[in-house]
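The values are calculated or read from the model by the stated rules, or taken from the named source; none is laboratory data. Given the structure is predicted, the values throughout are model-derived calculations rather than measurements. Here Cβ is always computed from backbone atoms with ideal geometry, including for glycine, and neighbour counts include all displayed protein chains. Just the protein is used for accessible areas: all its heavy atoms, side chains included, with ligands, DNA and RNA removed. Shrake-Rupley method; radii C 1.70, N 1.55, O 1.52, S 1.80 Å.
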Amino acid sequence: MNVPATNWARNIRFGARRFHAPDSVAELRRIIAASTSLRVLGTGHSFNAIADTRGDLVSLARLPREIELDERAATVKVRAGLRFGELTEALHRSGFALHNLGSLPHISVAGACATGTHGSGVGNRCLASAVRAIELVTAEGQLVTVGQDAPDFAGMAVSLGALGVITRITLGLVPAFAVRQWVYEGLPVTALRERCDEVMAAAYSVSLFTDWRTDRVNQVWVKRTTAEDAPERWLGATLADGPRHPVPGVPPEQCTRQLGTPGPWYARLPHFRMDFTPSSGDELQSEYFVDRSDAVAAFDALHTIRARISPALQISEIRTVAADQLWLSPAYQRDAVAFHFTWHPDTVLATDAVRAVEKALSPFAARPHWGKVFTTDPETVRGLYPRHGDFRRLLARLDPAGKFSNEFVRRHFPIEQGAGPRLLD
């Protein structure tokens, strides 16, 4: 088959020699066993070279769309290539839900988990925290299943696709729930500084959108699971009188329902609807995670360089992520605030802004999102993850020849030789 030319944003041109889209696990195993260099392409919604390879590029989109619900265990086993939007409605009909969702329901389950993707909420951990078991194909083409009680499982749920090709993933579920969503406009920056914890904990999920151009936060998206209505005024912000899109001037039709209209969790927690393409891909994205205790100081550091940020920016989102124990999660062992940036598709302008952001956030040990644009040097990134060395040793045990590595992975995780017996023996 022809190799896809680019990622979704079209800022990465893939260098793969061959592209595969197997329609069975047996075919996938044969492809992996015969390859010397292989990466998996999810939905292409990454903004750096994390999915690129000079060897074989594999899509799992043609594997059977399996959803196996275990009501007694409150888990669901799904094919890795399934998109969240293809799963969530079926779960809801059966009375179950995922604890949280990202902004887009269009992304693949395995790809989102592998890069530590998240939603928002002071009590909500990243999407990969729901992973209970992983079925994957090893470098030799062996099909294995690893449960959460296995040694080093915390190093496998967020693994950047470097340990093997995930074919099925089992997720823990919660009872289905309803959500009401409102948008507030014009939150004064002074209110955010003085009452940041109150703002971010105001609902099950809270997202702030700002263009860093004024002393007010453009919008606050409040997603509540409780019954009370939203007041017209809140901390100096005003309730929007109609639906809104996060990017100024963009029509809101592609966004999930607002104005407090009750709806199921899967139709409110994402910002965008599954039946709309959220944008044309004419954007670049970056994101950085700092300790939640540093939220105000980090915000102020970015506020001081807003003149450097704003020319490159479409919109910026600020969210919270609860701490987890997953080795490569950007929220590893610390409650985090994530500063997300959607840039105009001008690589030079965006890169200059990214460097300014990274410099401003450097005092706060800011961890960059693995799948987005960043220029933080690999040595610094390695120092941001206490279990970095453990992951390198895990990588050496599971894939000593580096079949599933690429330039991105090797740069950040040089394989350690002689790391001991294989975990999956």
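What to note about this one:
- Rounded, prolate or oblate (a/c below 1.5 giving rounded, otherwise prolate when a/b exceeds b/c) for the stretch 186-274 by Cα gyration tensor: oblate
- The stretch 13-57, accessible surface, carbon-and-sulfur percent (1.4 angstrom probe): 48 percent
- Contact order normalised by residue count of the chain, Cα under 8 Å, 6+ apart, percent: 17 percent
- Accessible surface ranking that places the most exposed of 306, 410, 79, 18 first, with a 1.4 angstrom probe: 410, 18, 306, 79
- Paramagnetic reach from residue 229 (point 7 Å along Cα→Cβ, amide N under 19 Å) across the stretch 170-194: 179-185
- Figure note: 358, 89, 71, 287 ranked by solvent-accessible area, largest first, 1.4 Å probe, ligands and nucleic acids not counted: 71, 89, 358, 287.
- Placing a label point 7 Å from the Cα of residue 93 along the Cα-to-Cβ direction, the residues of the stretch 42-72 with a backbone N closer than 18 Å are 65-71.
- Carbon and sulfur %, accessible surface of the stretch 287-363 computed with the full protein complex present, 1.4 Å: 52 percent
- Each Lys and Arg contributes +1 and each Asp and Glu -1, all at the Cβ; summed about the Cα centre of the chain, the dipole is approximately 680 debye.
- Relative to one another, the C-alpha centroids of the stretch 74-122 and the stretch 362-410 are positioned 24 Å apart.
- For the stretch 223-266, the dipole from Cβ point charges (+1 on Lys and Arg, -1 on Asp and Glu) about the Cα centre works out to 140 debye, to the nearest 20.
- Stokes-Einstein translational diffusion, the stretch 372-411 - Kirkwood Rh over all Cα pairs, 1.002 mPa s, 20 °C, in µm²/s: 191 µm²/s
- Packing, taken as the mean count of other beta carbons within 10 Å per residue, orders the peptides 370-381, 124-135 from highest to lowest as 124-135, 370-381.
- Mean ellipticity per residue at 222 nm, deg cm²/dmol - from DSSP H runs of n ≥ 4 across the chain, formula -39500 (n - 2.57): -5500 deg cm²/dmol
- Once the 1.4 Å probe is applied to the protein heavy atoms, the chain comes out at 39 Å² accessible per residue.
- The Cβ shell under 9 Å around residue 139 holds other residues with a net charge of -1, Lys and Arg each +1, Asp and Glu each -1.
- Helix 25-34 axis, angle to the chain major axis (alpha carbon atoms, nearest 10°): 70 degrees
- In the stretch 255-338, chymotrypsin sites (Phe, Trp or Tyr not before Pro) in a DSSP loop with at most 16 other beta-carbon atoms within 10 Å: 276
- With bins 20 Å wide beginning at 0, the percent of Cα pairs of the chain falling in each bin runs 27, 59, 14, 0.
- Solvent exposure ordering (accessible area, 1.4 Å, most first) of 20, 118: 20, 118
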